[in-house]
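For reference, the structure discussed in these notes is given below.
The values are calculated or read from the model by the stated rules, or taken from the named source; none is laboratory data. Note that the structure is predicted; figures quoted are calculated from it, not measured. Every residue, glycine as well, gets a Cβ built from its backbone with ideal geometry; the counts of neighbours run over all protein chains shown.
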Amino acid sequence: MSGSWGNVFWSMPKSLEQICAALKVNAHFRQPMRRLTSLRIGGEIACVAYPDTPEKAAALVRALRENNVPWSPLGYGTNLLAADGPLERVAISLRALATPVRFDGLRVTVPAGYSLPRLVNQCAERGLSGLEGLAPIPGSVGGAVKMNAGAHGYEIADVIVAVDVVRDGQLVALPREALHFAYRQSPFTTQDLILSTTLQLRSGNAGTSRAEIAEYRRRRAATQPVNANSAGCMFKNPRPDLAAGRIIDELGMKGESIGGATISPVHANFIVTDGKARTADVLALIERIRERVREVHGIELELEVEVWE
Ligand SMILES: Cc1cc2nc3c(=O)[nH]c(=O)nc-3n(C[C@H](O)[C@H](O)[C@H](O)COP(=O)(O)OP(=O)(O)OC[C@H]3O[C@@H](n4cnc5c(N)ncnc54)[C@H](O)[C@@H]3O)c2cc1C
């Protein structure tokens, strides 16, 4: 590794290459985060590892822990803000997990690396209702469970009955009763790797669900910069009846820019980036928004996106 990387990887008893090779885990080294995130910014990450079985995922977590290597779960990167500098960590992606989606009556068990919009569409086509509002959320199922993703009056937590996770290096099955969710909050830590979830749906009608999904997509296209590089809403709403986007909009901040980062003129809670943007630009714009909101309203806006430094 080049001199700009710190000590973590130099002092490891085993190299990352050795660890991944020994476990037969496919791994890509020194990957640019701009290719792994929807904001299309961020520096190089040391490694992205793609275990293809739950057992390999658990063994990888154990090996990284034993070697003191920092790691994070990576979904589709649609809620991530990655620093500009080198990221000395391993991202574990479950896109290659070969577990199939299993439908069983009104229940579906789905691997974490699966696409949430794809799942929603498949359920709708089978006459399974309960996920329609989540159709426009562009992440993975694992990312949605971690973030308790929600939209249009739906939250994924409302239908979760169980989650399989790697916790402390072990495969653990957690029933819903053991899991406490809140607005954009789940009980999972940054060191829990969600492997799959089982959802309880209702009997519905494919045509009705399809129409509902189309309506949500239409509303999105009219009110959000759906084709720009973004991570969706930057900030959580401070209260259920007070949208962060409305506060920022009323402060007249739409269209303000720092470097290649701009507060979307379409939706004030979205920061969009151009090809020249750096993460530092986005962070500076976030700070500017927070300062103004603090000054004028005395409200401390909390980030909805996850920051990797
Ligand atoms: C255009 C746009 C619109 C959006 N609209 C919405 C919306 O309406 N509602 C909403 O809630 N969100 C929205 N988002 C944000 C984002 O899509 C969701 O938060 C999504 O659930 C993140 O999933 P992901 O796979 O991309 O996760 P990532 O961005 O990859 O990761 C997010 C966090 O989850 C963790 N994580 C990911 N996978 C796992 C796993 N398997 N196990 C444990 N932790 C994991 C990561 O470590 C990270 O901390 C939007 C984003 C965009 C770009």
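See the values below:
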quantity: Residue identified as buried (at least 20 other Cβ atoms within 10 Å of the Cβ), part of a strand (DSSP E or B) and within 14 Å of the ligand (Cβ to nearest atom) among 194, 213; calculated: 194
quantity: Matching residues, segment 269-309, being within 14 Å of the ligand (Cβ to nearest atom) and at pLDDT below 95; calculated: 309
quantity: Unique match (being touching an Asp or Glu at 6+ places or on another chain (Cβ under 6 Å) and surrounded by 18 or more Cβ atoms within 10 Å (Cβ to Cβ)) among 91, 83; calculated: 83
quantity: Condition check for residue 175: within 8 Å of the ligand (Cβ to nearest atom) and either at pLDDT 95 or above or crowded, with 17+ Cβ neighbours inside 10 Å (or both); calculated: no
quantity: Subset of segment 117-172 that is within 14 Å of the ligand (Cβ to nearest atom) and among the polar types (S, T, N, Q) - its residue that is nearest to residue 55 (Cα to Cα); calculated: 140
quantity: In segment 222-241, the residues that are loosely packed, with under 12 Cβ neighbours inside 10 Å and either of a type in the set (A, V, I, L, M) or more than 26 Å from residue 277 (Cα to Cα) (or both); calculated: 222, 239, 240, 241
quantity: Total residues in segment 97-117, condition hydrophobic (A, V, I, L, M, F, W, C), more than 22 Å from residue 205 (Cα to Cα) and more than 13 Å from the chain's Cα centre (by Cα); calculated: 2
quantity: When residues of segment 242-259 are limited to those that are over 24 Å from the mean Cα position of the chain (by Cα) and in a strand (DSSP E or B), the one surrounded by the fewest Cβ atoms within 10 Å (Cβ to Cβ); calculated: 257
quantity: Any hit, segment 89-105, residues being more than 10 Å from the ligand (Cβ to nearest atom), in contact with a helix residue (DSSP H, G or I) (Cβ under 8 Å, 6 or more places away or on another chain), hydroxyl-bearing (Ser, Thr, Tyr) and on the phi < 0 side of the Ramachandran plot; calculated: yes
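Quick grid of which residues meet (1) out of contact with any strand residue (DSSP E or B) (no Cβ under 7 Å at 6 or more places or on another chain); (2) within 28 Å of residue 220 (Cα to Cα); (3) crowded, with 17+ Cβ neighbours inside 10 Å:
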residue	(1), (2), (3)
105	yes, no, no
112	no, yes, yes
119	no, yes, yes
126	no, yes, no
130	no, yes, yes
140	no, yes, yes
147	yes, yes, yes
